[in-house]
Each structure stands twice: as C-alpha cells, then as structure tokens.
1. Those residues that are hydrophobic (A, V, I, L, M, F, W, C), over 15 Å from F67 (Cα atoms) and either touching a Ser or Thr at 6+ places or on another chain (Cβ under 6 Å) or surrounded by 12 or more Cβ atoms within 10 Å (Cβ to Cβ) (or both), I need them from the range 1-20; list them, please.
2. Just one of the numbered conditions (1) under 25 Å from L252 (Cβ atoms); (2) in a helix (DSSP H, G or I) is not true of G223; which one?
3. Here are the criteria: (1) under 25 Å from I232 (Cα atoms); (2) touching a residue at least 12 places away in the same chain (Cβ under 8 Å); (3) part of a helix (DSSP H, G or I); (4) small (G, A, S). Tell me which single one A196 does not satisfy.
4. Run down I91, I83, I106, I49 and say which single residue is crowded, with 18+ Cβ neighbours inside 10 Å and in a loop (DSSP other than H, G, I, E, B).
5. Would you check if E23 is exposed (fewer than 12 other Cβ atoms within 10 Å of the Cβ) and closer than 16 Å to F53 by Cα?
6. Of these, S107, S115, which one is within 30 Å of P153 (Cα to Cα), touching a Phe, Trp or Tyr at 6+ places or on another chain (Cβ under 9 Å), modelled with pLDDT under 95 and not acidic (D, E)?
7. List every residue pair whose Cβ atoms sit under 6 Å apart, with the two residues 6 or more apart in sequence or on different chains, where the first one lies in the range 219-244 and is at negative phi and among the hydrophobic types (A, V, I, L, M, F, W, C) and the second, anywhere, is in a loop (DSSP other than H, G, I, E, B) and surrounded by 20 or more Cβ atoms within 10 Å (Cβ to Cβ).
Amino acid sequence: GVRLVIKHLLTYFPPIKDINTIELRDAEKFIDALRKKAPLGAYNYLRSIKAMFNKGIEWNYLRNNPFAKVKLPKRQEANPTFINANELEKILSKIEKQFVKDITEISFYSGMRLSEATFLKWGNISLNQNTITIGNENFTTKTRRTRSIPIHPRVKEIIEGLKGMKRQNNKDEFLFRKTGNQPFTASYISKQFKKACRDAGMDEAIHYHSLRHSTGSLLAQKGVSLYTIQKILGHTKITTTQIYAHLQIDTLRDAINQIN
C-alpha cells in the first residue's frame, strides 16, 4: 500500500519538487485527484500517506505533514459481506491444500481473525473444557485482550484429525506449521482463499475477513444477542458488533409487534 501511494505521489508531483514544499492545498488537490481514480481506495491511500509522512517527521526527514489536516467525506457504512455453509462448501471444493481448508473452516465456525487462526497452538486448546483460548504472552490479539471461544463440533472434528500430527505434550507447537514449527503467513492463506473464491464464482467482495463476518451474521440471523456475538468475536465495543443488528429481523419484528 505504501509503495502504491508513493507511485501516485511521484506521478502527480514534478520529480524536482522538494517534498518539504508540499503544502496543505497541494495535498488536498492530490487526494482529490486520487478520489477520481480510486473513489474507495483514496481512503486507504490517505491513511497510509499520513502515517508515512509522520514517520518522515520522526526520522527528521520532514518538517511537517501537509496531509495531517486533509479530510475525506465520511463513507456510508456498508453491510458486511458474508457467506453461508453451502457457499463455504463451494469455496472449500476449490482449495487444494488441506491445511488451508482446515484454517478456513476453523475461521468460519469460530469467528477467529486470520492471524488468530494461523497462530493457534496446541496449548490454546482444551478439548476437556471444549474451548479455544485466543491470546497469550506469545501472541497479542488485535484488542490486546485474551478471550475464550467454545469449540464448534466441526472445529472439534478438525482438531481431532490433527492430533495424530502432534508431537507429544508440545503445547508450543502450531496446529498448522511449516518446517521448524513456523506458522503459515496470513498473506499466503488469504491469497489461497481469494483464488478459491474466484474459482468458485463467488462475489468479488468476498475475502478472508468475510469468514469472520459470516460468523457474526449467521449468529445474528439465529437471534443470538449482540452482546453474545461481541464476546465470541472479541470486539472491544458493542458499536462494532452493531453492524450485524440489521440481520436480527425476526427479533426486530417481534419487538415492533408489541406496539398496541
């Protein structure tokens, strides 16, 4: 993302222009030009370039950040893209490597983030208590909070199938590992998943994080409370979970019908 925004910068501004002479008006014109080329991407570009210029200030390469005061209109919040179990099966049928299939299913049936799934260790799993613990001294979650997730029956099947590959009593061993007990990169898993989605003819809007949205969306459709969904997904704020509120249509219908 940083490389791409730099490419746009070098295309827009004259090669001989001193980067320290870029002012707020120049920055606003540049972002306006980006919005015409990439209406949605401009938001990500602006975030990257702000961070890039701030780092330049920290390293004493720059005197100020002309992009710090650039603002874009607030975007309409889009409903999260998600898939159902049948669509998941279509995607899985296009994935060749079994460990990619397993990680994908675990994410769908648990709501784990990709990094959380790829960094799963045997020490995180308690089949006796039927729970998976996310986050420890060796892995920091996005929210920096440890949480426990009940193990779905399908996830338990996958874990049971992997037990034969486990070295005895090695709690630090990753469930899915390369040589030397190294986890697979999130980038690799994400690319494999996206390729499978395209091969299965899925909507281009579907990406790996859609699996996490699927967990939240399907739970909401079943009438599960937003508070419970928040705890499963590990959201810090309930406002984040509220993107699934519109899917609780039956709950909303029951509520509105109580008006006399």
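The values are calculated or read from the model by the stated rules, or taken from the named source; none is laboratory data. Everything quoted here is computed from the prediction, not taken from an experiment. Virtual Cβ from ideal backbone geometry, glycine too; neighbours counted across all protein chains shown.
1. Here is the first cut: in the range 1-20, the residues hydrophobic (A, V, I, L, M, F, W, C) are 2, 4-6, 9-10, 13, 16, 19.
Narrowing further to those that are over 15 Å from F67 (Cα atoms): 4, 10, 16.
Residue satisfying the conditions is L4 alone.
2. Exception for G223: condition (2).
3. Condition (1) is where A196 drops out.
4. Numbers: I91 fails: in a loop (DSSP other than H, G, I, E, B); I106 fails: in a loop (DSSP other than H, G, I, E, B); I49 fails: in a loop (DSSP other than H, G, I, E, B).
Exactly one of I91, I83, I106, I49 is crowded, with 18+ Cβ neighbours inside 10 Å and in a loop (DSSP other than H, G, I, E, B), namely I83.
5. On the way: exposed (fewer than 12 other Cβ atoms within 10 Å of the Cβ): yes; closer than 16 Å to F53 by Cα: yes.
Answer is yes for this residue.
6. Details: S107 fails: modelled with pLDDT under 95.
One residue alone meets the criteria, S115.
7. A220/Q248; I232/G111; L233/G111
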